[in-house]
Amino acid sequence: MKVYAGMDPRLSLPDAVTHAQRVERLGYDGLHVAETVHDALAVALLAAEHTERITVRTSVALAFTRSPTLLAYAAWDLSKLSGGRFELGLGTQIRQNIEDRYGVPFGDDPIGRLGDYVGAVRAAFASFVSGEAPSYESPHYRVTRLQPYFNPGPDGDTVVPPIYLGGVQRRACELAGAVADGFVSHPTNSNPRYLRETCLPALADGARSAGRDLREVGFETVIGTSVITGASVEAVLAERERQRRLLAFLYSTPAYAPTLELYGWAELGPHLRALIRHDRWDDLGAVLSDEVLDTLVPCGTFDELPSLLRERFRGLGEGIVVSPPAEDRDDAAFAAVIAALQSG
């Protein structure tokens, strides 16, 4: 199994470089770069520039906030700079963030639009390879003009960046199965039961509708789970409370409710949203009980973690996200955890 590291989204840009280099030293296969308070492509550029071996993947960059051709330019440059180590992860985000935080339209068909967006990006990539103008027309995007002056190609040497999609709802998973090179599950939908009952069947249905076999195309499913771990029991307990607060915030989002509904905890989302409406942010963690946390998030010391994760996620994906502890004092021990997961 491939093992990917996440990144604290609030790291400064210099600290993001330090983190990427640490991830490479620890022996990870790759680094996931989220889009929260920094531009994911800018951080990915720094990570790619200052590492030599690891895959650098946006997980996920927001599609609807960018022109597909402009994104294709950036992804192409990153692939060329990194020697083919860059992979483009895309997602939609929720309507409120796209419209009210980014100030761009969300539209009434986000899944159809994302599928067309992927098609437009790939049309630009094909144009970069061939040097010819693209010819892509779809309900949501039209890309038919790329004069030689604006075309970085023809270039048959640059590795065309694979496109991964992230998603929670069944239709998003189906789209990934139909058009993407891989899928990254969200921390809120990485429970084994949700993966087994919703994500994997939807990926297979999407592939079947597109007439392709996921194994034949080398499709990678990456389990983007949260993990609670530490070198000692005390460290695990401290991390447990941090993760409890973070997950409580995430599960306040209606789009992330399917896992809660699967387990009969549908009332949690409205309860969390009510606290947020009254600015009671510090009270969110108290709503997420030990039962919910223990069911949804794997928890154990470094020594316990490899066997715990292998047993929990066996047969459910080809890759997994297991971020390193914030402090590097136990890196030698944690490197052994990564190696054990990779060999399992």
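Restricting attention to segment 218-240, the residues that are assigned to a helix (DSSP H, G or I) and either more than 23 Å from the chain's Cα centre (by Cα) or buried (at least 20 other Cβ atoms within 10 Å of the Cβ) (or both) total 6. Annotation: of all residues in segment 287-306 being of a type in the set (Val, Ile, Thr), over 15 Å from residue 233 (Cα atoms) and open to solvent by 10 Å² or more (accessible area, probe 1.4 Å), the one that is farthest from the chain's Cα centre (by Cα) is 287. Taken over segment 8-44, the residue count meeting the criterion of being part of a loop (DSSP other than H, G, I, E, B) and either of a type outside the set (Phe, Trp, Tyr) or open to solvent by 60 Å² or more (accessible area, probe 1.4 Å) (or both) is 13. In summary, residue 96 fulfils each of the numbered conditions (1) at pLDDT 95 or above; (2) out of contact with any Phe, Trp or Tyr (no Cβ under 7 Å at 6 or more places or on another chain) with the single exception of condition (1). Evaluated against (1) under 18 Å from residue 6 (Cα atoms); (2) at pLDDT below 95, residue 287 falls short on exactly one condition, (1).
Could you please find all residues in segment 192-217 being open to solvent by 20 Å² or more (accessible area, probe 1.4 Å), touching a strand residue (DSSP E or B) at 6+ places or on another chain (Cβ under 9 Å) and either farther than 26 Å from residue 57 by Cβ or free of Cβ contacts under 8 Å to residues at least 60 places away in the same chain (or both)? Within segment 192-217, just 214 meets the criteria. Determine whether residue 309 is assigned to a helix (DSSP H, G or I), at pLDDT 95 or above and within 19 Å of the chain's Cα centre (by Cα). Spelling it out, residue 309 is indeed assigned to a helix (DSSP H, G or I), at pLDDT 95 or above and within 19 Å of the chain's Cα centre (by Cα). Cβ separations smaller than 7 Å between residues 6+ apart or across chains give the following pairs from segment 324-344 residues that are under 20 Å from residue 310 (Cβ atoms) to residues that are assigned to a helix (DSSP H, G or I) and open to solvent by 30 Å² or more (accessible area, probe 1.4 Å): 344/310.
Considering 274, 255, 286, the condition of being out of contact with any helix residue (DSSP H, G or I) (no Cβ under 7 Å at 6 or more places or on another chain), small (Gly, Ala, Ser) and touching a residue at least 40 places away in the same chain (Cβ under 8 Å) is satisfied by 255 alone.
When 72, 48 are checked against the criterion of being without any contact (Cβ under 8 Å) to a residue 60 or more places away in the chain, closer than 23 Å to residue 134 by Cα and buried (at least 19 other Cβ atoms within 10 Å of the Cβ), a single residue qualifies: 72.
Report whether or not residue 238 is free of Cβ contacts under 8 Å to residues at least 24 places away in the same chain and not basic (Lys, Arg). So residue 238 passes the test. Out of 108, 155, one residue alone is out of contact with any Lys or Arg (no Cβ under 6 Å at 6 or more places or on another chain), surrounded by fewer than 19 Cβ atoms within 10 Å (Cβ to Cβ) and touching a residue at least 24 places away in the same chain (Cβ under 8 Å). It is 155.
Of all the criteria given as (1) over 23 Å from residue 335 (Cα atoms); (2) in a helix (DSSP H, G or I); (3) among the aliphatic types (A, V, I, L, M); (4) open to solvent by 20 Å² or more (accessible area, probe 1.4 Å), the one not satisfied by residue 266 is (2). Check segment 174-183 and report whether any residue there is under 27 Å from residue 294 (Cβ atoms) and either aliphatic (A, V, I, L, M) or open to solvent by less than 40 Å² (accessible area, probe 1.4 Å) (or both). Within segment 174-183 (the criterion being under 27 Å from residue 294 (Cβ atoms) and either aliphatic (A, V, I, L, M) or open to solvent by less than 40 Å² (accessible area, probe 1.4 Å) (or both)), the answer is yes, since at least one residue qualifies. Exactly one residue out of 57, 113, 101 is open to solvent by 30 Å² or more (accessible area, probe 1.4 Å) and either out of contact with any Gly (no Cβ under 8 Å at 6 or more places or on another chain) or under 28 Å from residue 343 (Cα atoms) (or both): that is 101.
The values are calculated or read from the model by the stated rules, or taken from the named source; none is laboratory data. Predicted model, so just to flag it, every value in this text is computed and none were measured. Ideal geometry is used to build each Cβ from the backbone, glycine not excepted, and the neighbour counts take in all protein chains shown. With ligands, DNA and RNA removed, areas are computed over all heavy atoms of the protein, side chains included. Shrake-Rupley method; radii C 1.70, N 1.55, O 1.52, S 1.80 Å.
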